[in-house]
Amino acid sequence: MADCDDSFDIIVAGAGPVGLSFAATLAKSDLKVAVVEQQTLEALANPPFDGREIALTYASIRILRELGAWDAISACHKSPLHGARVLNGSSPFALCFDPPRGSAEPLGYLVPNCRIRDALFKIVRLNDRAQLLCGHSVVGVTNSHKGVVIELSDGRRLGARLLVAADSRLSRTRDLLGIAADINRLGSSMLICRVRHERAHHQVAIEWFDHHQTIAMLPLMEGVSSLLLTLRANEANRLLAFEDDLFLMELTDRCRKRLGKMTLASTRHAYPLVTTWAHRFWAPSAALIGDAAIGMHPVTAHGFNIGLSGQNRLARRILTAHRDCRDIADPELLRRYEGCLRLSAAPLYHATNLIVGLYSGEHAAARLARHVGLRFAQHFPFVRYGISAMLRR
Ligand SMILES: Cc1cc2nc3c(=O)[nH]c(=O)nc-3n(C[C@H](O)[C@H](O)[C@H](O)COP(=O)(O)OP(=O)(O)OC[C@H]3O[C@@H](n4cnc5c(N)ncnc54)[C@H](O)[C@@H]3O)c2cc1C
């Protein structure tokens, strides 16, 4: 690393919510950490509303609380989720997920992604342990079991014992490390916006698998919900181009007035849907976290939850190794991290993809299968309680 401009113990590529959580967890040590982010420092310090309302499980809230981020988010941005209903087409039947009888505790909380990013960024800045290198991206990587050298877009070369990629589901760093991934472009997009509406939502979310579209209504503050409309990509683009009035008319029509009269309460956002699964979560002197490792379909609202717990597992192993004066990039440490993450995330990843396949099919067999599936889950409480318990774990 003699010809490097600077050297670190750990370089994190990407200051998204997972990369920032990782840097915040490592701040408990004297490890020299750098976070490389392509956005400017100003953009990171003022993350704009991006439409995403993240459904956080209790496990995630615990991790965010330990980092100090949960308490840094104001209560007005935390919307409790007291139940969820899953609907199929025009059938009046609903599969219900509720907290256990007698419990007043919500299933989880919805928090805007920009508020989570903002809180984590403030924690990293406040700790002042990680060096933030903003406005640059990682454009080159040379790694071996001895260490890693990265090249930034401004030509600088930085050395480290460990490189951790947290640069989104289409991670460039993952490609530069030569790690293959299953990348599934679904050809559909999720359109998101907040709406103010007439009917009360009672803090209950609705996931409605209708013909040629899926609509999720996520309850936020009183009289306000986040609407997520999944459509073929070309159809989503057509709607996105509409003037506000026309867009609202189309939304109201598609929601079949379930929420009553609606008005727009935010900007609109569209996300082309892509799922990814990296073939390996580590390479010599490198590891993948967050969406760079596993990019979940948003329908089961678990991408960040998995990413947060994954970074926590890796950071804990690194902190223990560092405390015991062991190698923080030991292949055995990285292999164990991969094994744990694979084991905990694979069932949810594959179950989510199965649900997406089943609920986006329009042929008669798929419609029948989802009808039977919902009835089955309703009559076998262990399925419903299992899912509710998983959220509350
Ligand atoms: C519509 C939608 C709804 C969702 N809802 C939920 C939910 O309810 N619950 C849940 O748990 N999850 C949800 N998710 C998933 C969640 O948003 C992601 O899992 C989470 O954002 C992943 O965080 P990350 O830090 O790994 O990656 P990102 O958020 O993608 O951040 C990556 C960062 O890396 C930076 N970057 C990219 N390339 C480079 C480079 N070459 N060099 C330097 N920096 C780079 C980017 O600028 C960015 O800041 C949802 C996702 C979507 C799309």
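Residues in the stretch 97-145 that are under 28 Å from Cys4 (Cβ atoms) and part of a strand (DSSP E or B): Ala130, Gln131, Leu132, Leu133, Cys134, Val138, Val139, Gly140, Val141, Thr142, Asn143, Ser144. Of the strands (runs of 3 or more DSSP E) contained entirely in the stretch 168-223, those carrying at least 1 residues that are more than 23 Å from Asp244 (Cα to Cα) and not hydroxyl-bearing (Ser, Thr, Tyr) fall at 181-197, 204-210. Counting only residues that are over 20 Å from Ile63 (Cα atoms) and free of Cβ contacts under 8 Å to residues at least 60 places away in the same chain, which one in the stretch 328-342 is nearest to the ligand (Cβ to nearest atom)? Ranking the qualifying residues of the stretch 328-342, first place goes to Leu334. Of all the residues in the stretch 173-207, those that are in contact (Cβ under 8 Å) with a residue 40 or more places away in the chain, more than 30 Å from Arg280 (Cβ to Cβ) and either in contact with a Lys or Arg (Cβ under 6 Å, 6 or more places away or on another chain) or surrounded by fewer than 20 Cβ atoms within 10 Å (Cβ to Cβ) (or both) number 8. Annotation: of all residues in the stretch 19-40 being within 6 Å of the ligand (Cβ to nearest atom) and either touching a Pro at 6+ places or on another chain (Cβ under 6 Å) or open to solvent by less than 20 Å² (accessible area, probe 1.4 Å) (or both), the one that is farthest from Ser153 (Cα to Cα) is Gly19.
Quick check: anything in the stretch 291-298 part of a helix (DSSP H, G or I), within 13 Å of the ligand (Cβ to nearest atom), at pLDDT below 95 and under 30 Å from Arg238 (Cβ atoms)? Yes, the stretch 291-298 has at least one match. Out of (1) within 28 Å of the chain's Cα centre (by Cα); (2) closer than 28 Å to Thr352 by Cα, what's the single condition that is false for Arg256? Going through the list (1) within 28 Å of the chain's Cα centre (by Cα); (2) closer than 28 Å to Thr352 by Cα, Arg256 breaks only (1). The selection criterion, being within 15 Å of the ligand (Cβ to nearest atom) and either within 21 Å of Asp3 (Cβ to Cβ) or open to solvent by 10 Å² or more (accessible area, probe 1.4 Å) (or both), holds for Leu163. Each residue in the stretch 208-242 was checked for being among the basic types (Lys, Arg) and either in contact (Cβ under 8 Å) with a residue 12 or more places away in the chain or within 14 Å of the ligand (Cβ to nearest atom) (or both), and 1 of them qualify. Could we say that Leu341 is in contact with a Gly (Cβ under 7 Å, 6 or more places away or on another chain), over 18 Å from Thr25 (Cα atoms) and either at pLDDT below 95 or assigned to a helix (DSSP H, G or I) (or both) here? No. For the condition over 23 Å from Leu288 (Cβ atoms), of a type outside the set (Ser, Thr, Tyr) and in contact with a His (Cβ under 9 Å, 6 or more places away or on another chain), Ala75 does not qualify.
Can you pull out the residues in the stretch 122-146 that are open to solvent by less than 30 Å² (accessible area, probe 1.4 Å) and under 22 Å from the mean Cα position of the chain (by Cα)?
Matches in the stretch 122-146: Ile123, Val124, Cys134, Val138.
Go through the stretch 41-56 and give me each residue that's within 8 Å of the ligand (Cβ to nearest atom) and part of a loop (DSSP other than H, G, I, E, B).
Looking only at the stretch 41-56, we keep the residues that are within 8 Å of the ligand (Cβ to nearest atom), and these are 44, 51-56.
Those that are within 8 Å of the ligand (Cβ to nearest atom) and part of a loop (DSSP other than H, G, I, E, B): Gly51, Arg52.
Within the bounds of the stretch 304-319, is there any residue that is within 19 Å of the chain's Cα centre (by Cα), more than 14 Å from the ligand (Cβ to nearest atom) and either open to solvent by 10 Å² or more (accessible area, probe 1.4 Å) or not aliphatic (A, V, I, L, M) (or both)? Yes - at least one qualifying residue is present in the stretch 304-319. Of the set (1) assigned to a loop (DSSP other than H, G, I, E, B); (2) under 20 Å from Ala286 (Cα atoms); (3) open to solvent by 50 Å² or more (accessible area, probe 1.4 Å), all apply to Ala15 but (3). Evaluated against (1) touching a Leu at 6+ places or on another chain (Cβ under 8 Å); (2) part of a helix (DSSP H, G or I); (3) over 29 Å from Ser90 (Cα atoms); (4) not acidic (Asp, Glu), Ala287 falls short on exactly one condition, (2). Filtering the stretch 107-120 for residues that are more than 30 Å from Ile355 (Cβ to Cβ), open to solvent by less than 10 Å² (accessible area, probe 1.4 Å), in contact with a strand residue (DSSP E or B) (Cβ under 6 Å, 6 or more places away or on another chain) and not basic (Lys, Arg) leaves an empty set. In the set (1) farther than 21 Å from Arg115 by Cα; (2) more than 14 Å from the ligand (Cβ to nearest atom); (3) open to solvent by 20 Å² or more (accessible area, probe 1.4 Å); (4) not acidic (Asp, Glu), Gly83 fails one condition alone, (3).
The values are calculated or read from the model by the stated rules, or taken from the named source; none is laboratory data. Remember, predicted model here, so these are calculated numbers, not experimental data. Using ideal geometry, Cβ is built from the backbone for each residue, glycine included, and neighbour counts are taken over all protein chains shown. Protein only, heavy atoms only, side chains kept; ligands, DNA and RNA dropped before computing areas. Shrake-Rupley method; radii C 1.70, N 1.55, O 1.52, S 1.80 Å.
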